[in-house]
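In what follows, a single structure is set out as structure tokens and then discussed.
The values are calculated or read from the model by the stated rules, or taken from the named source; none is laboratory data. Model, not experiment: these values are computed from the prediction. Here the Cβ positions follow ideal geometry from the backbone for every residue, glycine too, while neighbour counts run over all protein chains shown. Calculation scope for accessible area: heavy atoms of the full protein, side chains included, ligands and nucleic acids excluded. Shrake-Rupley method; radii C 1.70, N 1.55, O 1.52, S 1.80 Å.
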Amino acid sequence: MHSFPGIVAVGHINEAIDEGNPLKTLDTLLLPTAKIKNVDPDCAQHYQDVLYHAKSQKLMDSESVSKVLWLDEIQLAVNEANADKDKAKQWVTLVIDVNQCLEKEKPSDILSVLKSSMSNTNDIIPECADRYYHALAKAKEHKSKSVSTEGSWLKLSLQDKYEYYYNIDSKESSWVTPEPYLPKDSWLMAKEIEDTVEKVTTDYVRKKMWSASDDLLLRLQATSAGSLLRKEYEARKSYLYEQEKRVVKIQAFWKGHKQRKAYSRRRQMLIDNTDSIVKIQSWFRMIVARRIYLARLQYFRDHKNEIVKIQSLLRANKARDDYKTLVGSENPPLTVIRKFVHLLDQSNLDFQEELEVARLREEVVTKIRGNQQLEKDLNLMDIKIGLLVKNRITLEDVISHRTKLNKKKGGEMQILNNADNQGIKSLSKERRKTLETYQQLFYLLQTNPLYLAKLIFQMPQNKSTKFMDTVIFTLYNYASNQREEYLLLKLFKTALEEEIKSKVDQVQDIVTGNPTVIKMVVSFNRGARGQNTLRQLLAPVVKEILDDKSLAINTSPVEVYKAWVNQLETQTGEASKLPYDVTTEQALTYPEVKNKLEASIENLRRVTDRVLNSIISSLDLLPYGLRYIAKVLKNSIHEKFPDATEDELLKIVGNLLYYRYMNPAIVAPDGFDIIDMTAGGQINPDQRRNLGSVAKVLQHAASNKLFEGENEHLSSMNNYLSETYQEFRKYFKEACNVPEPEEKFNMDKYTDVVTVSKPVIYISIEEIISTHSLLLEHQDAIAPDKQDLLNELLESLGEVPTVESFLGEGAVDPNDPNRANTLNQLSKIEISLYLTSKYDLGDGEAIDGQSLMIKTKKLIIDVIRNQPGNTLTEILETPATTQQETDHAKDMVSRAIIDSQAPEEMKHSQSMVEDAQLPLEQKKRKIQRNLRTLEQTGHVSSKNKYQDILNEIAKDIRNQRIHRKLRKAELAKLQQTLKALNEKAAFYEEQINYYDTYIKTCLDNLKRRNSRRSIKLDGKGEPKGAKRSKPVRYTAAKLHEKGVLLGIDDLQTNQFKNVTFDIVSTEDVGIFDVRSKFLGVEMEKVQLNIQDLLQMQYEGVAVMKMFDKVKVNVNLLIYLLNKKFYGK
């Protein structure tokens, strides 16, 4: 029984069939209630035709009760239509495959085509493959003769009722006649193919029936004509069995006769045509060979892409094996080295990247110095604004400083270079020699850390700190590239080992003291290069703490108690009866305080965990230099104190990595640029206390110090501290697990000789003079050996030069009243020094074995490029051919063109350029001379055919790739650093604008309040023609009575009445002239700057001298000037 929804679906389907709309019929078939299976939307038309035919047949059946198709009848019709579709596709495949096989003339494929597409594969007999092909080809050829025009449509008839159309080009199919319709008349259709195949099979079976074996008969019987042929076969076989003897005799006679006749005829024919046979055989062999060759050639052409890929794979494998040999072999052969020497060539991209690195490095160093100076000026501005609050009369000085700051911000801080016509870089022999000596001096200081390490400890600590922050970091370009970071780390290592050796008496001295080198290392890693690391390490978690407005951590019981009392009074509006002043023990007796304290401790533990996890999981972000110094510190302490335990050593490492490096940044993230603060913005006290509490817990954990004594109320966290210490311990131990700088940066003491560009530093004249002066002052301690190279360079330089000698004569007007101030400003000018070694390569000079080896390597590389050979001795002993000399000359011309495009600082020395221009034979003779010299010094040996120098060349090739990789990494790092520096400069500019607004406000207020003097926005006072204030006169006795004057050298107190002082305000705001008179005779004059007096007051200087003999009280002098001149 059909369900009601099914009956409805039957009605819809029958209505759609009657309307003759295939799409509607398809929609009804797809109704869920119909539950018709296997409906294919592409067969909509055929479903309509089949269903319509089925319904017509049912209507014509007089015995049928129902005149509609029911669901089971509809499903049968759909299945029939799907079977038609499958049959049509099978026929299409048969037609296309067979006809394409015939067109391509591939008889060998006809059997597989027929077997894969025929409905009855039993009709296909493998032995008839050729017959099938020829019969089908003949039928197709006959059919094609009558075709004039044809399209691409195939037409197949199914059940003699339905037509199926297929386009062989577009692969379209249709159950209705397509428009336009052009049939493919030249092709054989399915029916024609099947009939032809059946006919060939029948003929073959009939022919083979008489001589067939039982197996073959079984196979033949399975064919369509098998039954009829079987009857004929049985009747014929019965007759032949009856006449068997006669048949055998006749057959034997006839076969013998035919065989003898054929043999005689064949033999005679061969005898008569021996020459022709030989010729035919040769032609046939030639044709076969040619056919094989052409087939092979065509095969290669057809698989050209695959062959190219195989060849490239083989070449890549060979190159990879060669490179593995170059990298992994202890003694790589010359044949392998020759394949990779081209990697040592410098391309235009190398030059461009080197220039970009140099430019970015210069910009980074300049930006760092600019930001440092800007920060100092901003700090000074803070002080001056503070002083302004106390003494509003000095606003003009603040405005003057602001103007100077704005000039720097506007671009006047760029590096000035007065080297074109005068100064140290002018084109004169004497100045050039001085410049080169300074370049050699700073190269020596940079590459030999022992000098600077000794110098640091010869100076007082306050002086050495300034020296380190300016000159040393400038000398190493703030470690802006791999080489300078390597050298700076070597300095840190040497200085730290020296300090531990000479100044550390106990293990704890490193923790309790303030070691100079540790302070320098931390300062450097918190600078521009390390600042980004601190931001990545701490910024996310610190920002979470600051943004959590509900977080309130207070672990002081007394403060928690007072806050609770205030809350009670606020809620009740009445004074609390609880005491206001309590001790820690008393506060802890209140349950409310205990509860609040426990909540704070829980919050503290939770927040501390977040910070700890951020630190522990970010070990890779920790600067390599800081980790390496931690390793040096641990090893040096252990070397001096071998009895120190592992825990003691790791606590010292933790003191460096956490307490000195990270802890201050957690406590004051705004002071270390960990978070972004807007101008005038600040962290509130609650946030500061939260961060301080976290830092305190982490500090205790890092040093494995438990809460005891006054922190006894926090003892519940002691287990947490112990667990955290174990985490820190693993962290500190892993932090020390870093490679040596030589391995990390792939550097050694000869790296500079093979580097393309010379090292360059950007240093101010003031810093050069300061360094020169310090070296002379401590020369005996730094270089006690008179033959030391440092002493030679200092002797060559002579006395410490002046700023003018650097700038050149005429740089400053000798009559300029502000000459000293101008010279002070000009001393800040930076110049670039291209550092070079004192002993460079050059003919006629004494050169060491390593330098000679480098020079020889370059000659060998030139030779092995153009002359083949398996060993170096073979190449050197074999004369070069004319062609090899010509090729070598062309290579050298090409190299000269490339070298001419290189920047000046990246060009080779003159001696190397001259060597490169030598002919091939002369280069080989020079190589042989150099090798003999190197063998005497022990660098190479002829016994192993000079394999040592080949190993050095292989090492250079490997290092060149690493150098390029490091250079790209350095470019990215410099760009990242420069971005961070620009952001910091933008923040400083925002601060400057903030200060500007504040100063202008003060200026407006001063204008309104002070009617005595006019102060203009540009910071100037009244015009020079304005009337000056009247002088204020005091006797020394009066000033002594007021306490301003404390005494006068060589003058008794009773003589003070004969000395008078006239104080007059000058045209410049804040500047006063003081004249002294004795018995009415003017003796001396001195000028006072109110800003200098305020600065002395700020620094705590109570007494100063005027006229080199008059002692005055600074505070009372400021009070007097304010009272008399500004009405304060």
If I ignore ligands, DNA and RNA and count only protein heavy atoms, how much of residue 175 is accessible to a 1.4 Å probe, in Å² to the nearest 10? 30 Å²
Loop chymotrypsin sites (Phe, Trp or Tyr not before Pro), segment 544-647 (other Cβ atoms within 10 Å of the site Cβ: 11 or fewer; DSSP): 580
Put +1 on the Cβ of every Lys and Arg and -1 on every Asp and Glu Cβ in segment 552-642; which of 552, 619, 588 then has its Cα farthest towards the positive end of the dipole? 619
For segment 1032-1126, count the residues as N, evaluate 2.2 N^0.38 Å, and divide the Cα radius of gyration by that value, please. 1.02
Could you pull the accessible area for residue 206 with a 1.4 Å probe, rounded to 10 Å²? 100 Å²
Cβ charges +1 (Lys, Arg) and -1 (Asp, Glu), total dipole of segment 1032-1126, debye: 420 debye
Using the heavy atoms of the protein chains alone and a 1.4 angstrom probe, what is the accessible area of segment 1032-1126 per residue in square angstrom? 52 Å²
What shape does segment 222-312 have by the C-alpha gyration tensor, where a ≥ b ≥ c are the square roots of the eigenvalues, rounded means a/c under 1.5, and otherwise prolate means a/b greater than b/c and oblate the rest? oblate
Quick one: grab the alpha carbon gyration tensor of segment 594-711, order the square roots of its eigenvalues as a ≥ b ≥ c, and give me rounded if a/c is under 1.5, else prolate or oblate depending on whether a/b is larger than b/c. oblate
With every protein chain present, what accessible area does residue 59 have (1.4 Å probe, heavy atoms only), rounded to the nearest 10 Å²? 90 Å²
Could you please state how large a percent of the accessible area of segment 537-667 is carbon and sulfur, counting protein chains only and using a 1.4 Å probe? 51 percent
Taking N as the number of residues in segment 41-182, the ratio of its alpha carbon radius of gyration to 2.2 N^0.38 Å works out to 1.32
Give the ranking of 804, 242 by solvent-accessible surface, highest area first, calculated with a 1.4 Å probe. 242, 804
Starting from 0 in steps of 10 Å, tell me what percent of the Cα-Cα pairs of segment 121-170 lands in each bin. 19, 29, 43, 10
With every protein chain kept in place and a 1.4 Å probe, segment 1-154 has an accessible area per residue in Å² of 55 Å²
How far is the Cα center of segment 1040-1119 from the Cα center of segment 775-804, in Å? 44 Å
Accessible area (Å², per residue) of segment 593-696, counting only protein heavy atoms and a probe of 1.4 Å: 41 Å²
Carbon/sulfur fraction of accessible area - segment 1032-1126, other protein chains in place, 1.4 Å, %: 47 percent
